[in-house]
């Protein structure tokens, strides 16, 4: 019973780290480029978030399974090969079933390969831990990335177009904020969200 309790406590702590205390965007400040580029529409943010989550989970699980066989000198190359395989799978899936979203996301799907979150979890966690914990870590960080994208996208799409998931939510008299569809609007909303998360988690930068 004690072992089961310890196991679930560890799983909870891993999830808590990825979702809030070490959130990849709000705390670690990783993946900012894609967070700004794809959050002008909620559907794009959801697609990118789910794609990144899948790649993190799959690559972390694979690297964890291979961790005892990867020579240290070629580990980065190995990470890239594994990650790129899953990114190609995501890209092909979107092009086959969601071509409009694939077109809207453009090169940013392929650039998941260079996303610091994916590579970071492989190097910082998956290569050092068993596969079941690596999967939980990948899920936590993927969901932490996704919910930030979705929240930012909801605000930006609503203010920029008066819609959420292309459904009209603001009256026809609403004057669209064009800046919210552009990068400066994304910077502003993302900055406010990062401040809010750090305030809630009491995670501050200490300057000596």
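The values are calculated or read from the model by the stated rules, or taken from the named source; none is laboratory data. What you see is a predicted model, and the numbers here were worked out from it, not measured in a lab. For neighbour counting, all protein chains shown are included, and Cβ atoms are generated from backbone atoms with ideal geometry for every residue, glycine included.
Here are the numbers:
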read-out: Tally, over region 175-193, of residues that are surrounded by 14 or more Cβ atoms within 10 Å (Cβ to Cβ) and either touching a strand residue (DSSP E or B) at 6+ places or on another chain (Cβ under 9 Å) or modelled with pLDDT under 85 (or both); value: 1
read-out: Filter result (in a loop (DSSP other than H, G, I, E, B) and closer than 14 Å to residue 118 by Cα) within region 23-39; value: 23, 24, 25, 28, 29, 30, 31
read-out: Condition met for residue 87 (modelled with pLDDT of 90 or more and buried (at least 20 other Cβ atoms within 10 Å of the Cβ)); value: yes
read-out: Qualifying residue in region 67-77 (condition: over 24 Å from residue 192 (Cβ atoms), part of a helix (DSSP H, G or I), modelled with pLDDT of 90 or more and within 16 Å of the chain's Cα centre (by Cα)); value: no
read-out: Residue check for residue 58: under 14 Å from residue 149 (Cα atoms) and in a helix (DSSP H, G or I); value: no
read-out: Residue in region 145-157 that is without any contact (Cβ under 8 Å) to a residue 40 or more places away in the chain, crowded, with 19+ Cβ neighbours inside 10 Å, in contact with a helix residue (DSSP H, G or I) (Cβ under 9 Å, 6 or more places away or on another chain) and over 27 Å from residue 58 (Cα atoms) present; value: yes
read-out: Residue list for region 54-77, filter: farther than 17 Å from residue 130 by Cβ and surrounded by fewer than 20 Cβ atoms within 10 Å (Cβ to Cβ); value: 54, 71, 72, 73, 74, 75, 76, 77
read-out: Positions within region 1-25 being within 22 Å of residue 198 (Cα to Cα), at pLDDT 80 or above and touching a helix residue (DSSP H, G or I) at 6+ places or on another chain (Cβ under 7 Å), in sequence order; value: 14, 15, 17, 18, 19, 23, 24, 25
read-out: Enumeration of residues in region 109-119 that are in contact (Cβ under 8 Å) with a residue 60 or more places away in the chain and buried (at least 17 other Cβ atoms within 10 Å of the Cβ); value: 109, 112, 115, 117, 118
read-out: Matching residues, region 172-188, being over 18 Å from residue 45 (Cα atoms) and not in a helix (DSSP H, G or I); value: 172, 173, 174, 175, 176, 177
